[in-house]
1. Kirkwood-based Rg over Rh for the range 123-177 (C-alpha set), two decimals?
2. So for the range 121-213, Kirkwood radius off the Cα pairs, Stokes-Einstein at 37 °C and 0.692 mPa s: how many µm² s⁻¹?
3. Testing the spin-label approximation: label points 7 Å from Cα along Cα→Cβ at Trp93 and Val209. State their distance in nm.
4. Can you run phi through the Karplus equation (6.51, -1.76, 1.60; θ = phi - 60°) for the range 31-39 and list ³J(HN,Hα) in whole Hz, with x for Gly and Pro?
5. Testing the spin-label approximation: label points 7 Å from Cα along Cα→Cβ at Phe178 and Leu73. State their distance in nm.
6. Using 0.36 nm per residue, how much length does the chain from Ala52 to Ala10 gain when fully extended, once their Cα-Cα distance is taken away?
Amino acid sequence: MLTEAISGSAPMAVGVALSPLPVAAVIIILMSGRARSNAPAFLFGWIAGILAVGAIIFVVPGIDTERGEPTVLSGWFRIILGVALLLLSVRQWRQRRLADAPAETSSFLASLDHVGMLKSSMSGFLLSGVTPKNMLLVAAGAVRIDASMLGPGAQFTALLVFSAIASLGVAAPVAGYFLARQTAEAAFSRWKVWLINNNAAVLILLFLVLGVLLIGRGMKILGVSVGELVGVAALAAH
């Protein structure tokens, strides 16, 4: 059961780990003058945000039955999360940078160059637990863990593993900085430019793939076809 919970939530955790903006954020922090204190603070806040969203999902009633079978609410919840991710992919497409447009660092990323430990940790928390892009993925992963009907201890263990996987993108640069600072700093400059230039493309792909997976899982739980789901959506629109 624990293995199923971890494997089932892993795609969403990988999606969180591959989010370009948090990786670019921690790289900027690592290139600042207070990297030794701010980078671990950012990572701590990032993990705390994931755990907070997971804990909230675990206490939401009606996700699964006592026998561990997904409920109708569980199916619709997955579909809603999947649709939200698809809508985010459309938004990213519309906001994408044109090929001939110069790359620009957002004001949020630029501000990370001179913040303290508290703001660094809060930035990590907001990026993982509050911003819609990652919050939806974390919520979807927590729903999958909750669906396994594990005991509290095993459920929390699965969430910790999920958090560890989801934190790889942020933790790897931090580890590289402390283990091989000179080599890592040379690579950070190249990574930062690539992440800023390709942020939209990576997010569009992630949201499309994970959105389709969630919608497909929700449809399977509800036992409906694509045509039936479209019909329901049309009725709701009217």
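A short reminder: the numbers here are calculations on the coordinates, not readings from a lab. All values reported here derive from a predicted model rather than from experimental measurement. Glycine also receives a Cβ, built like all others from the backbone with ideal geometry; neighbour counts cover every protein chain displayed.
1. My calculation puts Rg/Rh at 1.03.
2. On the way: Rh = 15.4 Å.
The diffusion coefficient I find is 213 µm²/s.
3. Spacing of the two 7 Å Cα→Cβ label points: 1.8 nm.
4. 8, 8, x, 10, 4, 4, 9, 6, 5
5. It works out to 4.1 nm between the two label points.
6. Details: separation 42, 0.36 × 42 = 15.12 nm, distance 1.78 nm.
Working it through step by step, the gained length comes to 13.3 nm.
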